[in-house]
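J.: The structure follows.
The values are calculated or read from the model by the stated rules, or taken from the named source; none is laboratory data. Just so it is clear, the structure is predicted and the values come from calculations on it, not from any experiment. Glycine gets a Cβ as well: all are built from the backbone with ideal geometry, and neighbour counts include every protein chain shown.
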Amino acid sequence: MPEKERKYVGKTDFVKGLEGAITHESTLSYVDGQNGKLIYRGYSIDDLCRGGGGYEETAYLLLKGKLPTRRELDAFKANLSKRRGIPNEVKDLISLVAKGTHPMNTLRSAVSLLGCLDPKEFEVNVENDMRIALDLTAQFPTLVAAIARVRRGQPILDPDPSLGHSADFLRMMTGKKPDERTAEVMDMALIIHAEHGMNASTFSAMVVNSTLTDLYSSVTAGIGALKGPLHGGANEQTLRTFMEIKDPNTVDTWFKKAKERKVKVPGFGHRVYKAYDPRARIFDPIAKEFSERGGHGHLYQIAKKLEALVVADLGGKGIFPNVDYFSGVIYDAMGIDSAIFTPIFAVPRIAGWCASILEYLPENRLFRPTSIYVGELEAEYVPIEKRK
């Protein structure tokens, strides 16, 4: 019996995963995949990392729309430092669940509880959402540090408002005030993870917020998307690969076997970048510095040998190291557990999520894409008594 001709209404050309689809216009960031550049509101991440304003300067740029003056930056830093504390109810939740679940699950649940405790949660407007955005930007380091400590069986530490955003984040995680260089590198890590166009977690957060729900619900959606290994979890996998290889002298053998088994090497390739990821380029020398300083120089050597092999094999197809390739080596050298790598990604990205939502909110339109139906069109309904 010949198959019935299918008739669709409207245009049916599409690419799976919405690749190339345009959601809206934005002034937040430009990911130049062909030339390997990342720009926040006109400024390259290289300049922002070297500028000395720290993560707070970048957060201000994303949330407020311009670079701050010295007075504005000092006031913004002071404002964030006052907001870092988290309620006792949230500490209790983290203490209760952090040991037995994925840290991103704990972070998601903590943000949900923060929403429950906010009496103005449902006031959806730019002013109130900016208040929540500032609160969450300040609180995310405290939340993630608390999760890290509980997982280690250590007590939660309260914020120290005398320290900067990154320095206090490290102190609350490790229990020690970091040296100036370590705090500077964490600042750079937070800057280059702060925003990245219409990625999966940003898109998830914006889709949810386009229903005009509360910002906490939207952020929890972003956290859920970031948890996935195809988005935020790759640096943990990459470090695990380096540790599996163990010795720089065995990289060639490992790669040959990986190719034979058709195993994808984590930390390579990107949906947008077809040139070297500018974030990986910043991280590369830092990974060398910190791995050698921490007595794990062999991990960096493995990374560089593996990079050379993969690029020689796949570089012609636009496959190069991405941001996750070196970041795990750096965090490991800082003494941070690999399970906390993805939550660290969320610490700066909260500003990017919120900035995208705040930008879209004034002219909000509910996201409602269309799928192409390929099922039966004229199925005959058979009464339940006659079904076989």
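J.: Working carefully through the options Gly316, Gly375, Gly352, find the one that is under 30 Å from Ala138 (Cβ atoms) and of a type in the set (Gly, Ala, Ser).
T.: Of the residues listed, the single one that is under 30 Å from Ala138 (Cβ atoms) and of a type in the set (Gly, Ala, Ser) is Gly352.
J.: In the range 168-190, which residue that is over 19 Å from Glu289 (Cα atoms) and not charged (D, E, K, R) is surrounded by the fewest Cβ atoms within 10 Å (Cβ to Cβ)?
T.: Looking at residues that are over 19 Å from Glu289 (Cα atoms) and not charged (D, E, K, R), I get Gly175.
J.: Here is a list of conditions, (1) within 29 Å of Met130 (Cβ to Cβ); (2) among the polar types (S, T, N, Q); (3) surrounded by fewer than 18 Cβ atoms within 10 Å (Cβ to Cβ), and Ser371 meets all of them except one; can you say which number that is?
T.: If we test Ser371 against (1) within 29 Å of Met130 (Cβ to Cβ); (2) among the polar types (S, T, N, Q); (3) surrounded by fewer than 18 Cβ atoms within 10 Å (Cβ to Cβ), just (1) comes out false.
J.: Say whether the condition of being exposed (fewer than 10 other Cβ atoms within 10 Å of the Cβ) and modelled with pLDDT under 95 is met by at least one residue in the range 317-325.
T.: yes
J.: Let me ask another. Name the residues in the range 337-358 that are surrounded by fewer than 19 Cβ atoms within 10 Å (Cβ to Cβ) and either out of contact with any Gly (no Cβ under 9 Å at 6 or more places or on another chain) or free of Cβ contacts under 8 Å to residues at least 60 places away in the same chain (or both), would you?
T.: Hits for the range 337-358 are Asp337, Ala339.
J.: For Ile192, state whether it is within 16 Å of Gly328 (Cβ to Cβ), in the same structural domain as Leu170 (by TED's automatic domain parsing) and out of contact with any Gly (no Cβ under 7 Å at 6 or more places or on another chain).
T.: Considered against the rule, which asks whether it is within 16 Å of Gly328 (Cβ to Cβ), in the same structural domain as Leu170 (by TED's automatic domain parsing) and out of contact with any Gly (no Cβ under 7 Å at 6 or more places or on another chain), Ile192 comes out as yes.
J.: Return only the number of the condition from (1) touching a residue at least 40 places away in the same chain (Cβ under 8 Å); (2) surrounded by 20 or more Cβ atoms within 10 Å (Cβ to Cβ) that Gly197 does not satisfy.
T.: Every listed condition holds for Gly197 apart from (2).
J.: Restricting to the range 13-45, and then to whatever is of a type in the set (Ser, Thr, Tyr) and in contact with a strand residue (DSSP E or B) (Cβ under 6 Å, 6 or more places away or on another chain), can you tell me which residue is surrounded by the fewest Cβ atoms within 10 Å (Cβ to Cβ)?
T.: The qualifying residue surrounded by the fewest Cβ atoms within 10 Å (Cβ to Cβ) is Tyr30.
J.: So, one more: With the condition being more than 22 Å from Ser109 (Cα to Cα), I'd like the helices (runs of 4 or more DSSP H) fully within the range 184-277 carrying at least 1 qualifying residues.
T.: 234-245, 251-260
J.: Do any helices (runs of 4 or more DSSP H) entirely within the range 296-377 hold 2 or more residues that are hydroxyl-bearing (Ser, Thr, Tyr) and out of contact with any strand residue (DSSP E or B) (no Cβ under 7 Å at 6 or more places or on another chain), and if so, which?
T.: In the range 296-377, the matching helices (runs of 4 or more DSSP H) lie at 324-333, 341-360.
J.: Just checking: which of the helices (runs of 4 or more DSSP H) contained wholly in the range 62-171 hold 2 or more residues that are free of Cβ contacts under 8 Å to residues at least 40 places away in the same chain and under 25 Å from Thr211 (Cβ atoms)?
T.: 103-116, 126-151
J.: Out of Leu18, Leu28, which single residue is closer than 21 Å to Leu361 by Cβ and hydrophobic (A, V, I, L, M, F, W, C)?
T.: Answer to the check: Leu28.
J.: Additional query: Sort through Leu306, Leu314, Leu377, Leu361 and tell me the only one that's in contact with a helix residue (DSSP H, G or I) (Cβ under 7 Å, 6 or more places away or on another chain) and surrounded by fewer than 23 Cβ atoms within 10 Å (Cβ to Cβ).
T.: Testing whether each residue is in contact with a helix residue (DSSP H, G or I) (Cβ under 7 Å, 6 or more places away or on another chain) and surrounded by fewer than 23 Cβ atoms within 10 Å (Cβ to Cβ) leaves just Leu361.
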